[in-house]
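Enquirer: The structure under discussion is supplied below as structure tokens; questions concerning it will follow.
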Amino acid sequence: MLIDFHVHLGNCFRQEYPHGRQSPSVHQLIDWMDRNGIDMAVLLPLESPEVCPGYYLSEQAIADRDTYPERLIAFCCFDPRMRSVDELIDTFVDRHGVLGFGEALNELAFDDERNKAIYRKCEERGIPIVFEINTNYCWDEVGLPRLESCLQEFPSCRFVGHGPAFWTAISGDDTRSGYPEGPITPGGAIDRLMAQHDNLWLDLSAGSGHNAMTRDPEFAAGFIERHWQKMLFATDYFIVNQEIPHVEWFRGLDISEEMREAIGSGNALRVLGLAL
């Protein structure tokens, strides 16, 4: 079984309408999943205006999930600057059965009090939160000290990390952003935080996750050996005809079947609270 923990639909490219890039419809997503052997996918809304010119609303994610309920899982996501965000999360968990929050993307610091209110509610409701750390979004410094403080403050909240300024912290010579090439230096913040905090999980999606896993195959092999029990297969598929190297990379990994099952689906089921 293969679960993609990170996809978006909606209308993310309004500035290019009616030509240019397009977000897939739910039917196009299912077709793409079928062609790539992906059994289920997690739909992540995008609701902060600075992220992209368009949106993927939580209501849309629920409608898409309900179109293919055996294949899709819906999260909710609300901008932390909105009023009554905690009440919205309660409503969407209780009334619509969403299983998580994300993708959290906004121009606030990772440990801004408005973001913390969301972490607190996710901890209370027992749902994971998928976040991106970038130089502009949910930002942090080299070494991820703001993330670390939140891991400590909300020990029962399951944080699922992703993004360029998150994944560069796999290396001790963290550049804080972009897609660095070449060998990884031991001593990166992610290794340390994963070892010290049971509530941090790894989203392998997008160019940032793929780059972290492929720029130094020898280091990546040891990294996977250390952290496979909290790694989640994911792609960040959100553009029609998007090039996605993750499926081929994952299927080509030289790992045990136990590790492959865990990264491919077992860990996702655990973090979602669906595992037996």
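Enquirer: Got a number for residues in the stretch 193-237 being outside any helix (DSSP H, G or I) and within 12 Å of the chain's Cα centre (by Cα)?
Expert: Of the residues in that region, 13 qualify.
Enquirer: Sticking with this one: What pairs come up if the first residue lies in the stretch 1-25 and is more than 28 Å from Ser265 (Cα to Cα), the second is surrounded by fewer than 22 Cβ atoms within 10 Å (Cβ to Cβ) and basic (Lys, Arg), and their beta carbons are under 9 Å apart, counting only those six or more places apart or on different chains?
Expert: Phe13/Arg21
Listed here are the residues, each with its yes/no results for (1) under 20 Å from Phe131 (Cβ atoms); (2) not β-branched (Val, Ile, Thr).
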{"position": "Thr168", "(1), (2)": "yes, no"}
{"position": "Arg176", "(1), (2)": "yes, yes"}
{"position": "Gly182", "(1), (2)": "no, yes"}
{"position": "Gly209", "(1), (2)": "yes, yes"}
{"position": "Lys230", "(1), (2)": "yes, yes"}
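Enquirer: Filter the stretch 211-234 for residues that are surrounded by fewer than 18 Cβ atoms within 10 Å (Cβ to Cβ) and among the acidic types (Asp, Glu) and give the result.
Expert: Glu218, Glu225
Enquirer: Of the residues in the stretch 1-32, how many are closer than 22 Å to Gly163 by Cβ and in a loop (DSSP other than H, G, I, E, B)?
Expert: Residues in the stretch 1-32 being closer than 22 Å to Gly163 by Cβ and in a loop (DSSP other than H, G, I, E, B): 8 in total.
Enquirer: Quick one: which residue in Ser208, Ser177 is crowded, with 20+ Cβ neighbours inside 10 Å and in contact (Cβ under 8 Å) with a residue 24 or more places away in the chain?
Expert: Ser208
Enquirer: Assuming Gly37 fulfils every condition listed in (1) touching a helix residue (DSSP H, G or I) at 6+ places or on another chain (Cβ under 8 Å); (2) closer than 27 Å to Tyr119 by Cα; (3) exposed (fewer than 15 other Cβ atoms within 10 Å of the Cβ) apart from one, which condition is it?
Expert: Status for Gly37: all satisfied but (2).
Enquirer: Can you tell me how many residues within the stretch 180-201 are within 13 Å of Leu144 (Cβ to Cβ) and surrounded by 13 or more Cβ atoms within 10 Å (Cβ to Cβ)?
Expert: Adding up the residues that qualify gives 9.
Enquirer: Somewhere in the stretch 170-178, is a residue at pLDDT 95 or above, β-branched (Val, Ile, Thr) and not in a helix (DSSP H, G or I)?
Expert: Taking every residue of the stretch 170-178 in turn, none turns out to be at pLDDT 95 or above, β-branched (Val, Ile, Thr) and not in a helix (DSSP H, G or I).
Enquirer: May I pose another question? Among the residues of the stretch 72-87, which ones are surrounded by fewer than 17 Cβ atoms within 10 Å (Cβ to Cβ) and either free of Cβ contacts under 8 Å to residues at least 24 places away in the same chain or under 18 Å from the mean Cα position of the chain (by Cα) (or both)?
Expert: Those that are surrounded by fewer than 17 Cβ atoms within 10 Å (Cβ to Cβ) and either free of Cβ contacts under 8 Å to residues at least 24 places away in the same chain or under 18 Å from the mean Cα position of the chain (by Cα) (or both): Met82, Arg83, Ser84, Glu87.
Enquirer: Considering (1) hydroxyl-bearing (Ser, Thr, Tyr); (2) farther than 22 Å from Val247 by Cα; (3) in contact (Cβ under 8 Å) with a residue 24 or more places away in the chain, say which one Thr91 fails and leave the rest.
Expert: Answer for Thr91: the failing condition is (3).
Residue-by-condition table, conditions (1) of a type in the set (Gly, Ala, Ser); (2) touching a strand residue (DSSP E or B) at 6+ places or on another chain (Cβ under 7 Å):
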residue	(1), (2)
Arg95	no, no
Gly100	yes, yes
Ala104	yes, yes
Asp111	no, no
Lys116	no, no
Tyr119	no, yes
Pro128	no, yes
Tyr137	no, no
Val142	no, no
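Enquirer: Still on this structure, please answer the following. Any idea how many residues of the stretch 251-272 are within 22 Å of Phe131 (Cα to Cα) and part of a helix (DSSP H, G or I)?
Expert: 10
The values are calculated or read from the model by the stated rules, or taken from the named source; none is laboratory data. Since the structure is predicted, the reported quantities are computational estimates derived from the model, not experimental observations. FYI the Cβ positions are ideal-geometry reconstructions off the backbone, even for glycines, and counts take in every protein chain you see.
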